[in-house]
Amino acid sequence: ELSGPAARPLVGLRALVTAGPTFEPIDPVRGLTNRSSGKQGYAIAAALARRGAEVTLVSGPVALDAPPGVRRVFVETALQMKTASDAALPVDVAVMTAAVADWRPDQVATGKIKKAPGGPPSLALTENPDILAGLAATGPRRPRLVVGFAAETENLIANARAKLSRKGCDWIVANDVSADVFGADGNAATLITAEGEESWPRRSKAELAEALADRIAAHLTTPGA
Ligand code: CTP
Ligand code: CA
């Protein structure tokens, strides 16, 4: 193991990590959510903190302890996640691993919706803002490095590359979720940048986090990058 400055290349730098699902209430007892244990995002927050970064972890509802030295902000909805992410700025790097619900119910019923003889209610939905695309948009508060995740079940690389350019982020981690990923400890991914691709065969989420944190540290400490 390294010790000294080489082991903590991110001292003095700030990081934002989003993780977990969002939960969009329908009424006081129901909601729309996504599958995400938060494990991969928490592991990345931990790996960045171990390298010396000051890390804010904006987390949806998950059953995980905050990693040592990480400032965690719990949120429920996508709108809250966006507000908390904006409040964490400025940062040098943002890693957006959260499985944000793409839609939220137009209206949240104040009382529990009851079953009725007329059949099930229909839900009108509104699209949530894209937190990643908002952060990646050019402006004085844009992080130097914006990293997205793309969970795909097919056409992994092509879909992820399209997302990279559509959202304007610098890197995207293309995550193959066709296999056993959700809630599991293993993950397989490809890091996609403007320069090329690096594929990371299935490994633990902790090991994937270490690999990504090493790439981030190398990038942020390269003069001119
Ligand atoms: N993301 C975000 N805000 C949203 C939706 C997604 O910040 N409202 C981020 C995720 O955290 C992830 C990346 O965008 O880093 C890709 O999310 P994904 O759901 O794969 O992309 P979408 O553009 O929502 O496309 P899809 O239709 O495939 O869901
Ligand atoms: Ca989505």
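None of the figures in this text is laboratory data; all of them are computed from the coordinates on show. Just so it is clear, the model here is predicted, and its values are computed rather than measured. Neighbour counts run over all protein chains shown; Cβ positions are idealised from the backbone, glycine included.
Annotations
- Tail weight of P(r) past 14 Å, computed on alpha-carbon pairs of region 71-118, percent: 66 percent
- Its Cα centre serving as origin, the chain has a Cβ charge dipole (Lys and Arg +1, Asp and Glu -1) of approximately 500 debye.
- Scattering profile of region 1-121 at q = 0.13, 0.19 Å⁻¹ [log10 I(q)/I(0), Debye over alpha-carbon scatterers]: -0.57, -0.95
- Average silhouette area of the chain, convex hull of alpha-carbon atoms, in square nanometres: 13.9 nm²
- Violating pairs (Cα-Cα greater than 26 angstrom) within the set 82/114; 39/82; 39/114: 82/114; 39/114
- Considering only region 35-151, percent of DSSP beta bridges that pair antiparallel, nearest 5: 25 percent
- Pairs of alpha carbons in region 108-225 whose separation is greater than 24 Å (percent): 43 percent
- Alpha-carbon spread of region 142-190, three principal axes, descending order, Å: 34, 21, 13
- Residue among 163, 82, 112 with the largest mean-square fluctuation in a Gaussian network model of the chain, springs linking Cα atoms under 10 Å: 112
- Taking 0.36 nm per residue of separation and subtracting the Cα-Cα distance, full extension of the segment from residue 11 to residue 185 would add 59.8 nm.
- Spin-label pair residue 106/residue 153, simplified geometry with 7 Å Cα→Cβ offset, distance in nm: 2.8 nm
- Among 77, 97, 18, residue whose mean-square fluctuation peaks in a GNM of the chain (springs only between Cα atoms under 10 Å): 77
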